[in-house]
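The structure under discussion appears below in the form of C-alpha cells.
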Amino acid sequence: MKVFVVGGGGREHAIIRALKRSPKVDRLFAAPGNGGISKMAVCFPTKATDIEGILADVRQTKPDFVFVAPDDPLVMGLVDRLNEEGFKTFGPRANAALIEGSKVFSKSLMKRYGIPTADYETFNDPDRAIAYIKEKDSYPTVIKCDGLALGKGVIIAEDFEQAEEAVKSMMVEGKFGKSGSEIVVEEYLTGPEVTVLAFTDGKTVKPMVSSMDHKRAYDDDMGLNTGGMGTIAPNPLYTEEKQQECMEKIFIPTIKAMRAEGRPFKGCIYFGLMLTPNGAKVIEYNCRFGDPEAQVVLPLLETDLVDIMEAIWEEKLDKLDVKWSDKACACVVMASGGYPEKYETGFEVEGLDASGQTEGDAYVYHAGTRAENGKFNTIGGRVLGVTATADTLQEALDKAYKAVDTISFEGAHYRKDIGKKAL
C-alpha cells in the first residue's frame, strides 16, 4: 500500500513511524513533512493548509489512503474534497471537525446532550464579556478563542485586569485573527488533567492509552501555555474507575451526539479532561491526534495502524480488537529559545546521525527541522520530541533525558520535570 500523510510536525512523524511498522505499507508520502520524516517518506513542500496543492500531490501519487493529521486542513474540509475525488481517508469531515474548529459549537453540544463540562457563556461583544467577568468576580477564570489558535488561544486570568486584557487582545486587537472574534468565558476547573485519544468510526469508540501533557513552557508549570512541552503515557491518575466513568458519561455520549447532529465523527477524537472533585469534565475536544501526545501513545500501539484505518473507513471498528502494550512511554520536547513567543530558527542540531536519530534507547521525533546538506536545522518553535519506552515510567524518563543530554542546538530549552507529578 501507499499512504500519504498530510502535516509536518512531531505528531506526523509518530504517525509515519507507526505506518512504517505495518507490513501492508511499502511507500509513504508526506506534505510538507520535516527533516526526520524525509528519512522515511517522500516529502512534498506543500503546506498542509494549501488544499489545492495537497489535492494535486495526492492525484500525482495515487495513494491507497490519505491520513489528514492537523486541525486546520480538517476544519477546512480537506477530507471532504479527497472523498469527492474517490480517495480513502483517515480524519473527520469538516462538519465533524467543527468540534475543535469552534469552541462555541462544542460547548453548546455538551450543554444540549448533558456531557459534563465547565459552566460558561459565549460572547461576540467585548464590552458584554468584560461586564460578565466583572459581575461574576470569580478567579482564576478561563477565556478561550472560538476558533483554532495553534493551541495558544486559551488564557487563564488570575484577576480582573488579566481577564480584561485577554478579552481585548482576542476581540479588539485581533491577536488570534478571526479565531478571537467570538469567545468563551468559563469557570476554572480544578483537579488533575488527563488526555485520552480515541479511535472512532462514528458508531464505535475505542479509547487509546491515556496520557499526561505538560502545556506550560517552564518547570513547575510556570510560563506561558505552549502546544506541549512533553508527555507521558499512561497517566497513572486515570484509574479503571475513571475510565468507566468517562466511557459512560463522556466518550459514548459525544460520539452519539455527533451522529444525532448529522455530523458522524470518523478518525481520532481527542478528549482533554479534568478529573474534578465532582467527576470528570471535558476541558476541550480536538478533531485529531494531539501533539506531543501521539508521540507517547502510538509507540504503545500493538495493532496494525492500517487495520484500524481500514476498520474506521468501513465502519467496522466494533469487529477489531485494538491492543496496547502495558509499558510506559515518555517524551521530552526540545524547543527553540523564546518559544512560545518570539524565537530564532536556522540553527544546526548537533548530536543526530544521518537518519536524524541518536545513539541509545530513545527515538527522536522531529517537529521543527529541515534536512539540508546532510545536516538538520531548526525551523520551528518545538524542534524535537525525544521519546523512550520502558517497563516503568522512571526508566522511560531516564532513557529520554539521557538522549536529550546528547543533543544540542543554539537556544535549546526543555522542561526537566516531565512526568514528575506521575511518579
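Every helix of 4 or more DSSP H residues in the chain counts as -39500 (n - 2.57), and over all residues that averages to -8000 deg cm²/dmol at 222 nm.
Normalised by 2.2 N^0.38 Å, where N counts its residues, the alpha-carbon radius of gyration of the range 31-81 equals 1.09. Radius of gyration over Kirkwood radius for the range 1-74, both on Cα atoms: the Rg/Rh ratio is 0.92. Distances between every pair of Cα atoms in the range 145-202, grouped in 5 Å steps from 0 to the bin holding the largest one, split as 4, 16, 21, 21, 15, 12, 6, 3, 1 percent. Projecting the Cα atoms of 145, 130, 118 onto the charge dipole of the range 118-160, computed from C-beta unit charges around the Cα centre, puts 145 farthest toward the positive end. Treating only the Cα positions of the range 27-137 as identical point scatterers, give the base-10 log of I(q)/I(0) from the Debye formula at each q in 0.11 Å⁻¹. Listed by q, the Debye log ratios stand at -0.52. Think of a 1.4 Å ball rolled over the protein heavy atoms: the chain then has 42 Å² of accessible area per residue. Subtracting the Cα-Cα distance of residue 276 and residue 302 from 0.36 nm times their residue separation leaves 6.2 nm of extension gain.
Based on the mean of other Cβ atoms within 10 Å per residue, sort peptides 13-26, 62-75 so the most packed one is first.
62-75, 13-26
From most to least packed by mean Cβ count within 10 Å, the peptides 385-395, 79-89 give 385-395, 79-89. When the accessible area of the range 222-351 is computed with all protein chains present and a 1.4 Å probe, what percentage of it is carbon and sulfur? The value for the range 222-351 is 47 percent carbon and sulfur by accessible area. Dipole of the range 209-276 computed with +1 at Lys/Arg Cβ and -1 at Asp/Glu Cβ about the Cα centre; of 233, 251, 275, farthest Cα towards the positive end is 251.
Where the convex hull is taken over the Cα atoms of the chain, what is its projected area averaged over directions, in nm²?
19.1 nm²
Each Lys and Arg Cβ is given +1 and each Asp and Glu Cβ -1; about its Cα centre, the range 218-275 then shows a dipole of about 540 debye.
Which percent of the accessible area of the range 1-98 is formed by carbon and sulfur heavy atoms (probe 1.4 angstrom)? Carbon with sulfur: 49 percent of the solvent-accessible area.
The gain in end-to-end length when the residue 239 to residue 128 segment is fully stretched comes to 35.9 nm, 0.36 nm per residue minus the alpha carbon separation. Extension gain for residue 158 to residue 402 (0.36 nm times residue separation, less C-alpha to C-alpha distance): 84.2 nm. Charging the Cβ of each Asp and Glu at -1 and of each Lys and Arg at +1, and nothing else, the dipole of the range 1-100 about its Cα centre rounds to 580 debye. Looking at the calculated P(r) for the range 161-263, what percent of the C-alpha pair distances fall above 22 Å? Tail of P(r) above 22 Å: 54 percent of Cα pairs. For the range 120-140, backbone nitrogen atoms closer than 12 Å to the point 7 Å from residue 188 Cα along Cα-to-C-beta are found at 137-140.
Packing order of peptides 369-379, 152-162, highest average first: 369-379, 152-162 (average count of other Cβ atoms within 10 Å over each peptide's residues). Exceedance of the 30 Å cut-off in Cα-Cα distance is limited, within the set 24/316; 168/421; 281/399; 168/342, to 168/421; 281/399. Evaluated with a Cβ-only charge set (Lys, Arg +1; Asp, Glu -1), the chain carries a dipole of roughly 1080 debye about its Cα centre, given to the nearest 20.
The values are calculated or read from the model by the stated rules, or taken from the named source; none is laboratory data. Computed from a predicted model, the values in this text were never measured in an experiment. All Cβ positions, even for glycine, are placed from backbone atoms using ideal geometry, and neighbour counts span all protein chains on display. We work out accessible area using only protein heavy atoms, side chains counted, and drop any ligands, DNA or RNA first. Shrake-Rupley method; radii C 1.70, N 1.55, O 1.52, S 1.80 Å.
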